[in-house]
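Engineer: Sharing a structure with you now.
Where a number appears in this text, it was derived from the coordinates with a stated rule and is not lab data. This one's a predicted model, so the numbers in the text were calculated from it and none came from an experiment. No Cβ is skipped: glycine too gets one built from the backbone with ideal geometry, and neighbour counts run over all protein chains shown.
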Amino acid sequence: MLLVTIYSFSFKRGIPEDASGNGGGYVFDCRSTHNPGKYEQFKTQTGLDQPVIEFLEKDGEILTFLTHVDALVDHHVERFIERGFEHLQVSFGCTGGQHRSVYCAEHLAHHLKDKYDVRVHLIHRERGIDKEL
């Protein structure tokens, strides 16, 4: 069964290494989307908190971004399943690894788990969260 490892991270600390040994996968840069971290009311919150989620979704930029991400990753997952591959890594980076990248990683993890028979390992590196869905 395909394992998809999904990271959120801060570019300030570098791109996560691929521990599988494949050395591949996607790295998406979320910094082009509206940053809730620029607003005082969101500074202590993350992409897991409802006010941040609502801000990102109402703004809409992140949803357009994720439409493209979903399409790319879906195709990749389908081909990897067909070919019997065991691992794919997808990483989302932003400035602090707190808001946008966390939201995007959560979105993709749930999207893939709902759509495919895959294992999903979700790591929010800067938040210290590591879980399997």
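Engineer: Per-residue HN-Hα couplings for the range 45-50, Karplus 6.51 cos²θ - 1.76 cosθ + 1.60 at θ = phi - 60°, whole Hz, x for Gly and Pro?
Structural biologist: 9, 10, x, 8, 8, 4
Engineer: Within straight cross-link reach of Lys58, meaning Cα distance under 24 Å, which lysines are found once same-chain residues fewer than 8 apart are removed?
Structural biologist: The qualifying lysines are Lys38, Lys43.
Engineer: Could I ask something else about it? Apply the Karplus parameterisation 6.51 cos²θ - 1.76 cosθ + 1.60, with θ equal to phi minus 60°, to every residue of the range 13-21 and state each ³J(HN,Hα) to the nearest whole Hz, in sequence, with x for glycine and proline.
Structural biologist: 9, x, 6, x, 6, 8, 6, 6, x
Engineer: Counting only C-alpha contacts under 8 Å and six or more residues apart, can you give the relative contact order of the chain as a whole percent? Each step should come with its number before you reach the end.
Structural biologist: On the way: 234 pairs, mean separation 60.0, N = 133.
Reported relative contact order: 45 percent.
Engineer: Still on this structure, I have one more. Scan around His87 for amide H atoms under 5 Å from its own, H built in the peptide plane at 1.01 Å from N, and keep only partners 5 or more places away or cross-chain.
Structural biologist: Amide H to amide H, under 5 Å and 5 or more residues apart or across chains, His87 pairs with Leu3.
Engineer: For the chain, report the translational diffusion coefficient in µm²/s to the nearest whole number, using Stokes-Einstein at 20 °C, 1.002 mPa s, and a Kirkwood Rh over Cα pairs. Write out the running numbers ahead of the final one.
Structural biologist: Details: Rh = 14.8 Å.
The calculation lands on 144 µm²/s.
Engineer: Could you go through the range 71-77 in sequence order and give the Karplus-derived ³J(HN,Hα) for each residue, using 6.51 cos²θ - 1.76 cosθ + 1.60 with θ = phi - 60°, rounded to whole Hz, and x for Gly and Pro?
Structural biologist: After applying 6.51 cos²θ - 1.76 cosθ + 1.60, I find 4, 5, 5, 4, 4, 4, 4 Hz.
Engineer: Shifting gears a bit: State the cysteines of the chain left without a partner when partners are defined as other cysteines whose beta carbon lies under 4.7 Å away.
Structural biologist: Cys with no partner Cβ under 4.7 Å: Cys104.
Engineer: Oh, and also: So in the chain, what percent of DSSP beta bridges are antiparallel if you round to the nearest 5?
Structural biologist: Details: 4 of 22 bridges.
Percent antiparallel among DSSP bridges in the chain is about 20.
Engineer: In addition: Need one number: nm distance between label points at Arg31 and Ile15, each 7 Å from Cα along Cα→Cβ, rounded to one decimal.
Structural biologist: It works out to 1.3 nm between the two label points.
Engineer: Right, another one. Non-local amide H neighbours of Ser8 (under 5 Å, H modeled in plane, Pro and chain starts lacking H): which ones?
Structural biologist: Phe92, Ile123, His124, Arg125
Engineer: Right, here's the next one. About its Cα centre, what dipole magnitude does the chain give when the only charges are +1 on Lys and Arg Cβ and -1 on Asp and Glu Cβ, stated in debye to the nearest 20? Can you show the working numbers first?
Structural biologist: Values: 15 positive and 20 negative charges, 77 e Å.
Computed charge dipole of the chain: roughly 360 debye.
Engineer: A further question on this structure: Which of the trypsin sites (Lys or Arg not before Pro) found in the range 1-76 are in a DSSP loop and have at most 16 neighbouring Cβ atoms, other than their own, within 10 Å? Walk me through the numbers on the way to the answer.
Structural biologist: Numbers: sites: Lys12, Arg13, Arg31, Lys38, Lys43, Lys58; in loops: Lys43.
Answer by residue number: Lys43.
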